[in-house]
1. For region B:148-163, check the following and say yes or no: at least one residue is exposed (fewer than 14 other Cβ atoms within 10 Å of the Cβ), at positive phi, in a loop (DSSP other than H, G, I, E, B) and more than 10 Å from chain A (Cβ to nearest Cβ).
2. Across region A:61-78, what is the number of residues that are part of a helix (DSSP H, G or I) and either out of contact with any helix residue (DSSP H, G or I) (no Cβ under 6 Å at 6 or more places or on another chain) or within 7 Å of another protein chain (Cβ to nearest Cβ) (or both)?
3. Just to be sure before I move on: is residue A:178 without any contact (Cβ under 8 Å) to a residue 24 or more places away in the chain, within 8 Å of chain B (Cβ to nearest Cβ) and under 16 Å from the mean Cα position of the chain (by Cα) in the structure I sent?
4. Could you please let me know if residue A:6 is touching a strand residue (DSSP E or B) at 6+ places or on another chain (Cβ under 8 Å) and assigned to a helix (DSSP H, G or I)?
5. Determine which single condition residue A:128 fails, assuming it passes every other condition in (1) in contact with a helix residue (DSSP H, G or I) (Cβ under 6 Å, 6 or more places away or on another chain); (2) within 10 Å of another protein chain (Cβ to nearest Cβ); (3) within 23 Å of residue A:232 (Cβ to Cβ); (4) buried (at least 21 other Cβ atoms within 10 Å of the Cβ).
6. State the number of residues belonging to region A:118-147 that are outside any loop (DSSP other than H, G, I, E, B) and either more than 18 Å from the chain's Cα centre (by Cα) or closer than 25 Å to residue A:245 by Cα (or both).
7. Which residue, of B:49, B:64, B:59, B:117, is without any contact (Cβ under 8 Å) to a residue 60 or more places away in the chain, part of a helix (DSSP H, G or I) and facing chain A (nearest Cβ under 9 Å)?
């Protein structure tokens, strides 16, 4: 009885003008409507209506790109929440870490999640690159997407690195000091680039503000734009490329 | 209509020597010639449901990690008090380890730039597109050149006493030459025999990067001296 009434309710809801204006296709119980799920939504930019069945297998991609993307989404969600509690100034930045730990509800959980997701993203992105290389998935027509991927890996490293300074503890300060001292060694431009990055000659308040802006605005926007190109091109280039296969006569099928 | 004259099939890639070519169908440039019947499935629900599940698994795993392990937080930043050792985040510790052996401009600038350039050119370098198993067309000259290049790398990094690179180079070099003639060996050697030269190089790079990062993370203490991780815990 109860089940029947909820069915009626759901049918009424799905038939309503407001619902139909948002979701244009009916229930995805026929292949026609399943294709409409892709056609009539943003999905078409990412996925074709049908995919090769073997691309769903674990050993095809090990889902490493997906893991990296999932990390990016978790990082955006937790990062926005962390921004509510954070001031990029000295010494308030460090006090905010303590606030997160002792005052904010689940503040420590939020910070932990952000940190572990960042580490996992660096790791999974690197593994993703190795997977693509050993599956030779950089071959034509995917050459440029490989290059976009390399830039994305660098963007990931820079995001993680700029975020490393934000807690403003000893670990952050000296970690960034060590790294930016390396940049100083570059011939001609090294000193200038370091000055531009830090807003001074040492890691200071200015550096904290610059790293904050890079970490929360510049690099995430760059990452999202490149990520859109990267994922869109995967579809344009014929879907994910798995391990090279040996055909019957021993020659490789691309 | 006269009977078709018997066909004289000659296989040749040289149009001057065999001008009466009728058709040239190369399997690697005409994918239509070797189409395969592939099974397709609907993206929704097959792929999209899997993606949602993957996302959930990642979120759950991260949440469990976030409950069990706290992110590190040390005392407030103090420019006057340098910790010993001062370490970069783990993914840069390979570079920092290199700094121990090479002048800063080499370890901090030249090598990272070379790595990025090498990664970017991968799909445009011909060898990456055409290379077959390394020892399949094994010629003595090629093997000698390869041995010389490997030895050259070992001597170069040995001159800087950079053992974290020398040891993996020797190990990968041994594996590479052990793969020679491996087609007739056991399962492992047969797998090794299928590895192409670009793959050997990437394998070498990965092993070197991993060894450097692990040493930098776990085996470096005050003054960048070698320590055992169970004596002093990992830092950075």
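1. yes
2. Just the residues of region A:61-78 that are part of a helix (DSSP H, G or I), to begin with: A:61, A:64-78.
If we keep only those that are either out of contact with any helix residue (DSSP H, G or I) (no Cβ under 6 Å at 6 or more places or on another chain) or within 7 Å of another protein chain (Cβ to nearest Cβ) (or both) too, we end up with A:61, A:66-67, A:69-74, A:76-77.
So the answer is 11.
3. Considered against the rule, which asks whether it is without any contact (Cβ under 8 Å) to a residue 24 or more places away in the chain, within 8 Å of chain B (Cβ to nearest Cβ) and under 16 Å from the mean Cα position of the chain (by Cα), residue A:178 comes out as no.
4. Working: touching a strand residue (DSSP E or B) at 6+ places or on another chain (Cβ under 8 Å): no; assigned to a helix (DSSP H, G or I): yes.
Against the criterion (touching a strand residue (DSSP E or B) at 6+ places or on another chain (Cβ under 8 Å) and assigned to a helix (DSSP H, G or I)), residue A:6 does not qualify.
5. (2)
6. Applying the first criterion (outside any loop (DSSP other than H, G, I, E, B)) to region A:118-147 yields A:118-134, A:143-147.
From the residues that got through so far, the ones that are either more than 18 Å from the chain's Cα centre (by Cα) or closer than 25 Å to residue A:245 by Cα (or both) too are A:124-134, A:143-147.
Matching residues across region A:118-147 total 16.
7. On the way: B:49 fails: facing chain A (nearest Cβ under 9 Å); B:64 fails: facing chain A (nearest Cβ under 9 Å); B:117 fails: facing chain A (nearest Cβ under 9 Å).
Answer to the selection: B:59.
This table checks each residue for (1) assigned to a loop (DSSP other than H, G, I, E, B); (2) within 10 Å of chain A (Cβ to nearest Cβ); (3) modelled with pLDDT under 90.
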position	(1), (2), (3)
B:74	yes, yes, no
B:80	yes, no, no
B:91	no, yes, no
B:97	no, no, no
B:102	yes, no, no
B:109	no, yes, yes
B:112	no, yes, no
B:128	no, yes, yes
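The values are calculated or read from the model by the stated rules, or taken from the named source; none is laboratory data. Since the model is a prediction, treat every value here as computed from it, not as a measurement. All Cβ positions, glycine included, derive from the backbone under ideal geometry; neighbour counts span all protein chains shown.
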